Every structure is written in structure tokens, then in C-alpha cells.
Amino acid sequence: MPPLTSEIINGNIDKAVSSKVYDDFIVKLLNELTSNPNFDPNIEFDPSKHIIFNSETDFDKYKVTTLSDISIEHDEAISNCAFTPAFPLFSEEAIDIMRYELFQEKVFKQYGRAANLTRFKGLDVQIGGYTHLTPFTAKALTHEKTMEVLNKYAGLELQVMMPFELGSINFGIKPYERVEDEKKNKEIYLAKNAKAFDKDADFVRGWHHDSNSFSFILMMSDTKDMIGGETALKTGNGEILKIDNYEKGWASLVQAHCINHIALKPYCSVERITSVTSYRAKDLLHMDPTVITTIKPSIFPRTIYNTFYPEWMDYRLDVMGEKIAWLRRKVAQDRENHRDFNQIEMINYLEDLTTYIRGSWREFEAVDEGHIEQPPLRRYIRNWAHNDRDLSSAIYNFEYEK
Ligand SMILES: [Fe+2]
């Protein structure tokens, strides 16, 4: 594991997007938008116009697949939803305004970092923690109408993991000449994409589980000519399924913490821009298996150390605070109701809280450096308020077997 270097603490500024790269690649994309006389970047987000998902018919048309459907049983699943197919969510106008906001110099230069996890030869940039500069994007992604769709698919109410992980961007762009060349050899790339699961195959992001429970993937590029560029995942039987047919403005929701998945390399298209938002359960008493293994600053240069960690602690301390307040109320109520103080029950809750507290620092780079031994991952109680098993007579199985 990489140590906690001064580059990481200073926000990986050495991997920031240079003026030349911005001028050569991004200004062109920005000009394409602004040269359209009908384009107006000052339009406010309006769900009745910008959300194109039809709640009456589209849940049936784009049916969710459950974890049971794909033979996955996972101790850390927060619901039975596995993934949705790609479904139409935002209008072309909405995505164009999001693209306009994203392509601003400030966003790219302050928050864009060269990606180091891809084999997508061209320009690869990841951007996180920028949505305070992009009001339309932030509103679209967090609007109650958007959340209604995602919550219904997920089977429980979701909450953005933390502001930094709202709409983080995977941006890939290739030279036009290379794309023209790929288009001439379309058959080769179709065959290559069919074999995209070989371990030597090119990918945007290799096989992994996400740190957070649910990931929401939004396609922000035109995919008319694109071959590949999909998310593929492995079922419990080892079978590989693809979430394909993404179009610009289409999205999917995946419980990516529990499912091994890969983002395939796109061919025959100049750009692939996706926005990924991380979710956890909104109910703070619900199990929260979120880790930072795949997104911490030493792994992802776009994760800015001094923004990310204070936000991470805000969120973890919120959950701890809610759990302590709930436990305090329970102790008071039991006393009022003349119920015997139950030591076993108290051990269960306090051990679960200890696991959560340890889970809040077990992936820190300081642990990777060996300053303190990394505690093992352990199982969580499913929900403190609505637990499906009796915690008052036996010690919960806190051991975690992988
Ligand atoms: Fe992922």
C-alpha cells in the first residue's frame, strides 16, 4: 500500500489538469455546447421537464434484478436490490447543462486529477468534490423526484454517502484520428468487446467491489457510435452479465458493494463521461458497511485529502451520535418501564458501535503504514431499531468470514 506522502496530503496537486490539456481538450467540448444558439446554461433544474423517467410505466419496463435472482448472498447487503438495467432519467437539455457546468475551467483545474487506474489510452481525468461549483448538477442529482426513483429501485431510502462523493466524474477522451481508425475496424472492436472479460482486456476500471453500498451511474456522453463502455458484473454462479444500452442521460443503480464489477473500455467514440454517486442507507440506525478502500486519497488521486477526510468524519460521527442518542433513549425507557438492565443486549449494541468506530479508521493510510494494527472486518447488526433477531439473550455473531 502506498504510504501517506506529502503529495497525498497536499491534494495530489502534481496530477492536476494543466492549462494546455484544458485548452486542447476541454475548451473544444465547451465551445460545441455554447455554439448552439438554443443552448441556455442559465436554465434552472425543473423535474417536470428534465426528468424523463415515467414512474407509471418505467419501473416495469426497466425491471430491477435482485440479489437472489443472481444467486448472491452477502452479509453486507443493505437491501435485496442487485442492479437495474440502464433506464432513461435525464433529458438531453439537462445533461448538456451538466456538461457545461463540468467543463468550466475552475472545476477541471481545481478538482480534476489524472486517473491512475485505467488502461484507456488517451486523456483520463477523474473529478470529485466539485458539485458546490455546479448548482444545476447538484440539484438534479439530489432532487426529491430523482431520489424517489432511486429509493424505489433500491428498496430503501438512500442518502448520498458524503458531499465529496456526489456526481464524481470519470472522464475519458481520445484523439479524433484514433477514433476514425477504430471506426474503420469496427469488426475488430466488436470482437474485442465480446472478449472484454479476459484478464488482459482493456478496461476503464478493473474488477472490484465499491466501498459504498449503492452506486448510481449516469451516462453523460452520446453513445450512438460507442462499442463497449458498459458496466459488467459477476453473478454468484460466476456468470457475467452486462448492463448495456446506456444512452446519454440514462442511468443505472447497482449495489456495487456486494457485486464484483468492471467498467469496460469504450471503442469508436471520442469521449466517455460518466457521473457516479455513492449512497448509503438514509436511516442512521441501519447497517452501514461503507469503507474507503477503493476511494481513499492514496488510491484515487481525485480524492482531496483535506476535503475528503473531514467530510468522512462528519458523516461517521453523525451515525455514531445517532446510535448513542438512540441507546441513551432505550436505557431511559427500559428504566421507566422497570425492565431489568440487560447486559447481553448492551454488549451487542456496544460491540456493534465499536465495530463501526473501528471501521471509521481501519482503511486510513496511517494504518497501511503500520502505525497501528488493522482490526478485522466484522459483521454488523442489521438495524438497531428494527432488528430481525433477538439481541437480548445471545451474543450476536460479530465475526466476519470472507
Ligand atoms: Fe465500481
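The values are calculated or read from the model by the stated rules, or taken from the named source; none is laboratory data. Fair warning: this is a prediction, and the values are worked out from it, not measured in the lab. Don't worry about glycine lacking a Cβ; one is built from the backbone with ideal geometry, like all the others, and counts go over all protein chains shown.
A few points about this structure:
- Condition check for Ser252: over 20 Å from Asp368 (Cβ atoms), touching a helix residue (DSSP H, G or I) at 6+ places or on another chain (Cβ under 6 Å) and within 13 Å of the ligand (Cβ to nearest atom): no
- Failed criterion for His209 (all others in (1) more than 10 Å from the ligand (Cβ to nearest atom); (2) modelled with pLDDT of 95 or more; (3) not small (Gly, Ala, Ser) hold): (1)
- Single residue of region 224-235 satisfying the filter (assigned to a loop (DSSP other than H, G, I, E, B) and surrounded by 16 or more Cβ atoms within 10 Å (Cβ to Cβ)) that is farthest from the ligand (Cβ to nearest atom): Met226
- Restricting Tyr309, Tyr380, Tyr356 to residues that are out of contact with any helix residue (DSSP H, G or I) (no Cβ under 7 Å at 6 or more places or on another chain), under 30 Å from Pro3 (Cβ atoms) and among the hydroxyl-bearing types (Ser, Thr, Tyr) narrows the list to Tyr309.
- Restricting the search to helices (runs of 4 or more DSSP H) fully inside region 121-223 and requiring at least 1 residues that are within 30 Å of Leu284 (Cβ to Cβ) and of a type in the set (S, T, N, Q) gives 135-142, 144-154.
- Hits in region 259-298 - residues which are away from the ligand (no atom under 15 Å from the Cβ), under 16 Å from the mean Cα position of the chain (by Cα), assigned to a loop (DSSP other than H, G, I, E, B) and farther than 30 Å from Ala325 by Cβ: Pro297
- Phe120 vs. criteria touching a strand residue (DSSP E or B) at 6+ places or on another chain (Cβ under 7 Å), at pLDDT below 95 and either among the polar types (S, T, N, Q) or crowded, with 20+ Cβ neighbours inside 10 Å (or both): yes
Residues are listed down the side, and each one gets a yes or a no for (1) crowded, with 16+ Cβ neighbours inside 10 Å; (2) touching a residue at least 12 places away in the same chain (Cβ under 8 Å); (3) away from the ligand (no atom under 16 Å from the Cβ); (4) of a type in the set (Ser, Thr, Tyr):
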| residue | (1), (2), (3), (4) |
| --- | --- |
| Met147 | yes, no, yes, no |
| Gly167 | yes, yes, no, no |
| Lys174 | yes, yes, yes, no |
| Asp181 | no, no, yes, no |
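- Per this entry, Asn397 is counted among residues that are of a type in the set (S, T, N, Q), over 24 Å from the mean Cα position of the chain (by Cα) and under 24 Å from Ile259 (Cβ atoms).
- Restricting attention to region 241-272, the residues that are among the β-branched types (Val, Ile, Thr) and at pLDDT 95 or above total 2.
- Residue list for region 286-321, filter: surrounded by fewer than 18 Cβ atoms within 10 Å (Cβ to Cβ) and under 21 Å from Ser79 (Cα atoms): none
- Selection over region 299-315 of residues that are assigned to a loop (DSSP other than H, G, I, E, B) and either modelled with pLDDT under 95 or among the charged types (D, E, K, R) (or both) gives a count of 4.
- Being under 19 Å from the mean Cα position of the chain (by Cα), modelled with pLDDT of 90 or more, under 20 Å from Phe83 (Cα atoms) and not aromatic (Phe, Trp, Tyr) is a description that applies to Ala232.
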